[in-house]
Structure formats: structure tokens, C-alpha cells
Amino acid sequence: MKARSGKAVGMNKHSTPESVTSNAKLAAKSQPQHTPGNDLPHGDRQFLTNSQLQEILPLSRRSIFEWRRKGILPSIQVGSKILYHRESVIAALLRQQRGGLV
């Protein structure tokens, strides 16, 4: 959920991977939403853009950038686009929650 200011509700610049893991689990189980311009609902997409990842995780664009830069969020670059493999992101957040093990 986002507030009118564009920031995720209940999130701040000090958000940690642990604080959003439960939201990621809920988003993974939630009803898929269809986005114009893409024939697959979120739940069926294997790769997500920054904007699509922001819809799943209540994070700011800056937090996503910083987590990607620090190696917390795995990503790939295809041309000028940054893409995130959905299951890899969830697995990375779960590893962070467990203290980086496994």
C-alpha cells in the first residue's frame, strides 16, 4: 500500500530485509494483479522491473537501488533494464531473515 506521498505506508529509509520478508510472503500468496502492457499477472511473471518489484515489496525506489547495490537483492541487467527474478528475490530476503545462512 502506498500513501499519497508515493512512499510505502509504514516504511521508512531504515527499512531492513527482515522487515519486509513477511510482506513478500503475503504478496507471493496474494491475488495476482494484471498490469496493462504485460499479458501475465504478477504471480506468473518470472522477472520483474523496479516498478513491479515496488508493487510487491513496500520499499522506496532508493531502498531497492541500495539493496541491489549492496548485493541484498539479486538482479540482472539486460540492456538498460534492471530485472529481478521473483523467486530469487524472495529467497534472498528469506536468507537475510535467517542471518544469511543457506
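Were the residues from Gln46 through Arg95 laid out at 0.36 nm apart, the gain over their Cα-Cα distance would be 15.7 nm.
All other residues whose Cβ lies under 10 angstrom from that of Ile72 are scored, Lys and Arg at +1 and Asp and Glu at -1, for a net of +3.
Quick note: the coordinates plus some simple rules give every number you see, no bench work behind them. Since the model is a prediction, treat every value here as computed from it, not as a measurement. Heads up, the Cβs are rebuilt from the backbone with ideal geometry, glycines too, and the neighbour counts pull from every protein chain shown.
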